[in-house]
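Below is one structure; the comments refer to it alone.
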Amino acid sequence: MTVVLGLDIGTTSTIGILVGLPDRILATATRPVTLSSPHAGWAEEDPAEWWANVRAIVTELLNESGIQASEVKAVGATGMLPAVVLLDREGNVLRPSIQQSDGRCGAEVAELRREWNEPDFLKRAGNGINQQLVTAKLRWIERHEPEVFSRIATVFGSYDYINYRLTGSRAMEQNWALEAGFVDISAGLVDEDLIRLAHVRPDVLPPKRASHEIMGFIDARGSIETGLAAGTPVVGGAADMIASALGAGVIDAGDVLLKFGGAVDILTATDLVKPDPRLFLDYHLVPGLFMPNGCMSTGGSALNWFVETFAGGEREAARAAGRSLHQHLDVLASTKPAGADGLTMLPYLLGEKTPIHDPAARGVIEGLTLSHDIGHLWRALLEAYAYAIRHHIEVLVDMGHHLRRFLVSDGGSQSTVWMQIVADVLNAPVQRLSGHPGSCIGAAWTAAIGVGLENDWRGVTRFVTFSEVLQPQAENVASYGEGYLHYRDLYERLAPRWRAGS
């Protein structure tokens, strides 16, 4: 059997999958990841934890499947984008990663906007000047951690780091480089003018690789630490949301994937380059296509935070009913009406990325009374993310994209209550996927393409089937239309106060 390995270095978990080509999932494994927010707006993780997870996951996958390491013919990794990992000359990690959802660098973003006209930057780099840029994060480190900044020898991303630990080779995958702000979108090349904006030497950026390009081979140390065979090829990798979209079959114009992972992503495919400062622009994994997309700072990470912070009192009731706390809260929320009896939340717990790009934004609970309970709060939180998705969809339509089908994937899509709310808020059917293992399947397929084991990008859809369609409930559509307008207005009224205090 021909086997490929996919790894997903996610915000809330590390996931691995062994795929037997052409269409068998042999084993999956997962380990949790700790997201740290030591200060308001900060989001950091420990790359050593990712690597420890990978080592444990590979061992579990091989043991569970009975596959020998020599049978694994290629490895592909995906992960959150664009996390910032810094190495010194010896390859040591200099500090915790700064995650893509981190909102600490508002002053540096404002500084960049003063230095470079944003429409010109957008035309050159394909993305606007916002807190997502690695350039802004590097300037923050220069200003606040000069000793760390002076020792930087390599800057790259989460799955780039895992590739380095596997192979000993340093490279940056093309979508990390693009969203980081270092690529001239028209030329497709790393641009030294853009690098200079980050105040770093050009040589701290390793070579740019296409997602399916072989970037190295597992070396002796990588083999010893993981149990994988030395010499196994490793491809450049993939942004997690792009890999997930490929796995869902989002290749044709008009298809939209709503990805409910640690963050919420909204993605569509196109062959046209239409940079817009409200959203991000990435390369599709299929050469020649692009993937305009939005990514919120939070999603499942905020739901997990809510459960840990507020739902402890429901633990016994959930256990008695044989449910997880998330499932128990869904049951409570399902008994509440659309609009949560006047309760509205803004889910900006780490500031917000698309489409408002406001690192000063904050989470809000508005309209809270003594008549509300935890079921209302949970429903309002689910509704907040549905409203944010609708905002993204309006932006995509405004950009000229004709959207015809909404697919949902990843862990949050298993919540029927949440997906029904999304269908009602969008006033559109939501197509659930069955068997979609997340971004790791896209990573595995990219590896198979990269080493020539497969040649059809659409072949990845063999692993995913369509499940039920959730239709919008007419009785909720009008209520959510009003709720959405209130959600948008609430942010607009509070934003000036946040910015004045930032």
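Below, the figures for the structure above:
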{"read-out": "Number of the exception - HIS144 against (1) in contact (Cβ under 8 Å) with a residue 24 or more places away in the chain; (2) under 22 Å from LEU35 (Cβ atoms)", "value": "(1)"}
{"read-out": "Residue in the range 434-452 that is in the same structural domain as GLY262 (by TED's automatic domain parsing), more than 26 Å from the chain's Cα centre (by Cα) and surrounded by fewer than 17 Cβ atoms within 10 Å (Cβ to Cβ) present", "value": "yes"}
{"read-out": "Some residue of the range 183-190 being acidic (Asp, Glu), in a helix (DSSP H, G or I) and either surrounded by fewer than 18 Cβ atoms within 10 Å (Cβ to Cβ) or assigned by TED's automatic domain parsing to the domain that holds THR232 (or both)", "value": "no"}
{"read-out": "Any strands (runs of 3 or more DSSP E) falling wholly within the range 391-502 and containing at least 2 residues that are of a type in the set (S, T, N, Q)", "value": "430-434, 465-470"}
{"read-out": "Residues (of a type in the set (A, V, I, L, M) and within 21 Å of PHE280 (Cα to Cα)) located in the range 124-153", "value": "ALA125, ILE129, LEU133, VAL134, ALA136, LEU138"}
{"read-out": "Selection count where residues are aliphatic (A, V, I, L, M) and within 18 Å of PRO429 (Cα to Cα), scope the range 469-502", "value": "5"}
{"read-out": "Test set (1) at pLDDT below 95; (2) surrounded by 18 or more Cβ atoms within 10 Å (Cβ to Cβ) - ARG458 fails condition number", "value": "(2)"}
{"read-out": "Where ILE224 falls short, out of the listed (1) assigned to a helix (DSSP H, G or I); (2) buried (at least 20 other Cβ atoms within 10 Å of the Cβ); (3) of a type outside the set (D, E, K, R)", "value": "(2)"}
{"read-out": "Residue ID - surrounded by the fewest Cβ atoms within 10 Å (Cβ to Cβ), chosen from residues in the range 344-367 that are free of Cβ contacts under 8 Å to residues at least 40 places away in the same chain and in a strand (DSSP E or B)", "value": "ILE365"}
{"read-out": "Pair list, Cβ < 7 Å and 6+ apart or interchain, from the range 374-389 residues that are within 14 Å of PRO337 (Cα to Cα) to residues that are basic (Lys, Arg)", "value": "GLY375/LYS336; HIS376/LYS336; ARG379/LYS336"}
{"read-out": "Filter pass, LEU272 being at pLDDT below 90 and under 14 Å from GLY126 (Cα atoms)", "value": "yes"}
{"read-out": "Residue among LEU81, LEU18, LEU26 that is modelled with pLDDT of 95 or more, crowded, with 20+ Cβ neighbours inside 10 Å and not β-branched (Val, Ile, Thr)", "value": "LEU18"}
{"read-out": "Test: residue in the range 132-141 that is at pLDDT below 95, buried (at least 19 other Cβ atoms within 10 Å of the Cβ) and among the polar types (S, T, N, Q)", "value": "yes"}
{"read-out": "Residues (under 14 Å from LEU133 (Cβ atoms) and in contact (Cβ under 8 Å) with a residue 12 or more places away in the chain) located in the range 194-204", "value": "LEU194, ILE195, LEU197, ALA198, HIS199, VAL200"}
{"read-out": "Counted residues, the range 463-487 - those being within 25 Å of the chain's Cα centre (by Cα) and crowded, with 17+ Cβ neighbours inside 10 Å", "value": "5"}
{"read-out": "Wholly within the range 113-165, helices (runs of 4 or more DSSP H) carrying at least 1 residues that are under 19 Å from the mean Cα position of the chain (by Cα)", "value": "134-144"}
{"read-out": "Hey, VAL422 among the aliphatic types (A, V, I, L, M), crowded, with 21+ Cβ neighbours inside 10 Å and at pLDDT below 95 or not", "value": "no"}
{"read-out": "Yes/no for ALA153 being small (Gly, Ala, Ser), surrounded by fewer than 23 Cβ atoms within 10 Å (Cβ to Cβ), touching a residue at least 12 places away in the same chain (Cβ under 8 Å) and farther than 22 Å from ALA238 by Cα", "value": "yes"}
{"read-out": "Filter result for ALA253 (closer than 29 Å to VAL190 by Cα, more than 18 Å from the chain's Cα centre (by Cα), not β-branched (Val, Ile, Thr) and not in a helix (DSSP H, G or I))", "value": "yes"}
{"read-out": "Matching residues, the range 272-325, being in a helix (DSSP H, G or I), in contact (Cβ under 8 Å) with a residue 24 or more places away in the chain and under 30 Å from PRO355 (Cβ atoms)", "value": "GLY300, SER301, ALA302, LEU303, ASN304, TRP305, PHE306, PHE310"}
{"read-out": "Residues located in the range 86-96, provided they are in contact with a helix residue (DSSP H, G or I) (Cβ under 8 Å, 6 or more places away or on another chain) and either farther than 21 Å from GLY236 by Cα or surrounded by 24 or more Cβ atoms within 10 Å (Cβ to Cβ) (or both)", "value": "LEU86, LEU94, ARG95, PRO96"}
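The values are calculated or read from the model by the stated rules, or taken from the named source; none is laboratory data. All figures in this text were calculated on a predicted structure; none of them were measured in a lab. Here the Cβ is made from the backbone with ideal geometry for all residues, glycine too, and neighbour counts use every protein chain on show.
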